[in-house]
1. Where does the charge balance sit around residue G:132 when Lys and Arg score +1, Asp and Glu -1, over other residues with C-beta under 15 Å from its C-beta?
2. With the calculation restricted to Cα positions, what are the radius of gyration and Dmax of chain B in angstrom?
3. For region C:119-156 and region D:1-41, what is the separation of their Cα centres, given in Å?
4. Counting only other chains, what is the mean number of Cβ atoms within 10 angstrom of the Cβ of each residue in peptide C:130-140?
5. Sorted by packing (mean other beta-carbon atoms within 10 Å per residue), highest first, where do E:83-94, F:127-138 land?
6. Ignoring everything except DSSP H segments at least 4 long, calculate the 222 nm mean residue ellipticity for chain F; use -39,500 (n - 2.57) per segment, divide by total residues, nearest 500.
7. Lysines within cross-link reach of residue B:160: Cα-Cα under 28 Å, excluding same-chain residues under 8 positions apart?
8. What is the percent carbon and sulfur in the accessible area of region G:4-131, measuring with a 1.4 Å probe over the protein chains and ignoring ligands?
Number of protein chains: 8
Amino acid sequence: MTQVGVIMGSDSDWPVMKAATEALAEFDVPFEVSVVSAHRTPQRMLDYATTAASRGLRVIIAGAGGAAHLPGMVASATVLPVIGVPVPLKYLDGMDSLLSIVQMPAGVPVATVSVGGARNAGLLAVRMLASGDPALQERMARFQAELEQLVLDKDAALQKSL
Amino acid sequence: MTQVGVIMGSDSDWPVMKAATEALAEFDVPFEVSVVSAHRTPQRMLDYATTAASRGLRVIIAGAGGAAHLPGMVASATVLPVIGVPVPLKYLDGMDSLLSIVQMPAGVPVATVSVGGARNAGLLAVRMLASGDPALQERMARFQAELEQLVLDKDAALQKSL
Amino acid sequence: MTQVGVIMGSDSDWPVMKAATEALAEFDVPFEVSVVSAHRTPQRMLDYATTAASRGLRVIIAGAGGAAHLPGMVASATVLPVIGVPVPLKYLDGMDSLLSIVQMPAGVPVATVSVGGARNAGLLAVRMLASGDPALQERMARFQAELEQLVLDKDAALQKSL
Amino acid sequence: MTQVGVIMGSDSDWPVMKAATEALAEFDVPFEVSVVSAHRTPQRMLDYATTAASRGLRVIIAGAGGAAHLPGMVASATVLPVIGVPVPLKYLDGMDSLLSIVQMPAGVPVATVSVGGARNAGLLAVRMLASGDPALQERMARFQAELEQLVLDKDAALQKSL
Amino acid sequence: MTQVGVIMGSDSDWPVMKAATEALAEFDVPFEVSVVSAHRTPQRMLDYATTAASRGLRVIIAGAGGAAHLPGMVASATVLPVIGVPVPLKYLDGMDSLLSIVQMPAGVPVATVSVGGARNAGLLAVRMLASGDPALQERMARFQAELEQLVLDKDAALQKSL
Amino acid sequence: MTQVGVIMGSDSDWPVMKAATEALAEFDVPFEVSVVSAHRTPQRMLDYATTAASRGLRVIIAGAGGAAHLPGMVASATVLPVIGVPVPLKYLDGMDSLLSIVQMPAGVPVATVSVGGARNAGLLAVRMLASGDPALQERMARFQAELEQLVLDKDAALQKSL
Amino acid sequence: MTQVGVIMGSDSDWPVMKAATEALAEFDVPFEVSVVSAHRTPQRMLDYATTAASRGLRVIIAGAGGAAHLPGMVASATVLPVIGVPVPLKYLDGMDSLLSIVQMPAGVPVATVSVGGARNAGLLAVRMLASGDPALQERMARFQAELEQLVLDKDAALQKSL
Amino acid sequence: MTQVGVIMGSDSDWPVMKAATEALAEFDVPFEVSVVSAHRTPQRMLDYATTAASRGLRVIIAGAGGAAHLPGMVASATVLPVIGVPVPLKYLDGMDSLLSIVQMPAGVPVATVSVGGARNAGLLAVRMLASGDPALQERMARFQAELEQLVLDKDAALQKSL
């Protein structure tokens, strides 16, 4: 059953956002992907948000750039945790995207990750799901051990190259 | 008949936003005021936007702070021109509000004024209405002449005080 | 009859600003284009502004970069609504252009759009004109419906590509 | 059983961070509070993080200011989702805190909320827990309905005051 | 004969700008003060600028805040050197004023001083006048020697207080 | 006789700074060029500054990037007006250079131009010299008339191209 | 024998800078304090720097604000390690001070601490001296243990207060 | 015996960080290089820091980007002076790295150099070591004299090329 909904305002966000889905796939978390625009399909976006929980989704990942309203608007119309990915646009290096997503008013949180940090959005969704799932938690622990090993390998390679 | 809708996400924005209504009142432009929150009443906000034109409104002024989504979301669901007022919050001096409002994607413009610039939002609405109304345009011309006179008076007062 | 004046400080702004004229053309709104520099032709700029309304213009779109004074100066000498487009220059990603345009003092508003957002400037002008023109308002509604359909098409294409 | 650990680098962060615990208390989510400093008790911080999951915690909320390393360091040593609260210090309005928390490298996400947004950190933790708990999800839905009602009440009060 | 024109957009800038006149007075440089607004008296501003040189002025000091167009516009209509003082307003700490003044396009320079740096604007005007006036240059040298002595005195006082 | 000293901290600044010398050459103002580093030749820099006036220089133009100390340090050891050019480096788009140059303490002004604005530095030096030289002032007036004509020509060309 | 020179551009920096001397005193490191201004006593500053090592100083701590040139200029004329403290001024929250100090060109480093971080400047000087002094290193270790204990005490106090 | 430990969070930082080792090599200071990640090998990082002094290291240079926690965390667990190098990542030009490193809380300083300033980190380490080593101090003095000569050579070359 689909557990994570990955949405973005435009297919031009997909090159950034697909990293979220790759992370989910590494942990065998079933997900769906949709283009849902806060500004071009506002009612469809609200409908997506209001029905997400009842459709069985457990986490929503939303990416947007500039005046990035998608994550916050979706969070306003669902009880699910929403993860926001600030997509950097041509100017301002994603600082506008970041502030538009993270500075939500009291009452409606968005779990914001770094500028362009879609992979971490996927991993954060896994951590949320793993929070009540020992087996998935175990996989996250293994993933972290592999990250550690990767650093040790890089260290060894660097030592050798000097 | 009400011509301008002035909306804000919270009554805490009213001390900033009332300056917009004062400007409208100076030009005898009929307006309405509502608290409409993008994040706390998302569906009501969309309904406000989608019915605004048919109710006879001709311009919407929307003020919001932080991750300020109200102006852009309203603009996405109406054909009316929407004026956005970045309301400064406790931190960041309104820079987050400004970027969240002005950096709208192609297709859905918001006419953004300065941080805390609600009075100018009112005056901009008057200019929009005056664009097809010679009498109102004439009043705007008189208003500008008064501004000019005010500067001359201040200049004279400063000269005298030296 | 020409309804919108599109001006810019230099022909080097044209690659950005032509998107405003394209948006106007899509809605069959007659426009004129001029190079008018606040800093190199100050008197000519003031003359342009002071005669704009009497020449029949109803909206002015002004693009400028850096210490971008054109939109605000034109707004100071006309009763028409003025839309400002922050043109990004080589450094600072247009943040200087944005602040120089949007932070106008009380009395003289400029309707500011996003950095490089000339297309939205054109669409905002259309919304202003449509505010008193049901037929144009209807076209804007169709335009928004097409935007919505475009998102649905992109969504379908993305689904298929997965 | 304690489900959420709320930690902060110094007791001077408590005036900001207690809002997180208030939100948790409103939803009857059991929590613990600790002062754990990344820079003054680094080993104790790591030990807190590495044992958090086995002690039964399901979410960690970490607040920090300036070079705010606590949320990211804790996230590096636990499989639990970690929520970061950028605490504003005397200078820079929390922009340093925000960037130090949100800009985590790929592999180790921190769910960042707004500058000073501890209440939202608490609500985000509730959403995460509710994601697998229909009863808690129902309470969140009621909470959102109350937020909506609050806006309607404020709107009515504002209307009356005009 | 008046050598320096000190202008500002509003009498609210006077508390900042009077420091410029105090510096001029210390060097017995004759000056005049005027309120001249780029946005509220645009034609008067241009007239001020175009006649300044023929009236005998040798330097213009212009202070403005926010979208600070006065220094640049005056510079565009005179051959005199123009010194710009970024006046800080309520928000953004004068960063908008600074960028609006300093980022002038090639062809029309403004000699910009620090945010709120009106005293230095006065001293810079003195240096410009002194550049062709050995007696005034000598006074500037004495002024700098006094600054140096002031530091020595402060150093001695600090040593004594320890 | 050499009237303007153009200095820079490194020959890597020359591609930016030569525009200052080109502007001076257009007005037949004699100048000298030197590499003088605040950080690598501090004593030589001070000596340059302290002897500049007695050698007959009337204006100094100093370009520097990053922690750009050259303009301010030279200004501290001469009575001449010093023009600072913020040279943009690889990161931060010259914002560090701008603030390091413009934010001088009371007593020691630097006439700062835009990021990379060396041409304007040259033109500003010409304006300073012209302030006491009617013939040079006349040439500056012609230069400005040519700038105006250039805009008219560009306007005509743009009109034709539409 | 005096080991650390603590200097600042003005006695107005002393309220910030004295925290550096307090930290030195806690470790019984002998120090001297001087007001030495880069901009008002440039030659005296260079002389201070060039003689510092031969006078027996081993570290220099320099605080400055705005266009903060003191740390970098002193570093350019001594072989000693120089620690820079960005002193925040009235505007810009010390961001100008920070960039003016930290962004030094290759060849001349300044060890920069946080905005207003004079206490850490003192502690950094102690670490530098301790690097070759086991007894002082031992004291630093005890100091860090006390910091740790302080956190534990605060934690206990917070627990009790809940 | 190894005196300086150069560490970085990832081998992708090596192209920036190797400049630190080149500077150390020019002064014949023995160093070691390791990949040590705050976020992927947190315990290993703490162990590195806690044993550094007893292994004979005298200075640690740590480079990191984004939410750059490595320098500060290492500083928290060692008595050695730690030099932090803000490594610029794909977005934000290293501003996030700089603030994450420099804004350390009182008690735990990091000697921060410029964005990408690894060469200066190496030179700063040399200055620290030279502080108690007259021979090394002498070499630093020669190095500075060579820098000075380099400027003189560049000046001569520029003069010739004009």
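The values are calculated or read from the model by the stated rules, or taken from the named source; none is laboratory data. What you see is a predicted model, and the numbers here were worked out from it, not measured in a lab. All Cβ positions, glycine included, derive from the backbone under ideal geometry; neighbour counts span all protein chains shown. Surface accessibility is based on the protein's heavy atoms, side chains included, excluding ligands, DNA and RNA. Shrake-Rupley method; radii C 1.70, N 1.55, O 1.52, S 1.80 Å.
1. Details: positive: G:58, G:127, G:139, H:58, H:127; negative: G:133, G:138, H:133.
Every neighbour counted, the sum reads +2.
2. Rg, Dmax (Cα atoms, Å): 16.8, 59.
3. Rounded to whole Å, the Cα centres lie 48 Å apart.
4. Working: counts 5, 13, 6, 1, 2, 0, 1, 6, 1, 1, 4.
That works out to 4 on average.
5. Details: E:83-94: 25.3, F:127-138: 18.5.
The most tightly packed comes first, giving E:83-94, F:127-138.
6. On the way: 6 runs with 80 residues, N = 162.
Taking each H run of at least 4 residues, the total per residue is -15500 deg cm²/dmol.
7. By straight Cα distance, residue B:160 reaches E:18, E:90.
8. Numbers: 1420 of 2680 Å².
Carbon plus sulfur share of accessible area: 53 percent.
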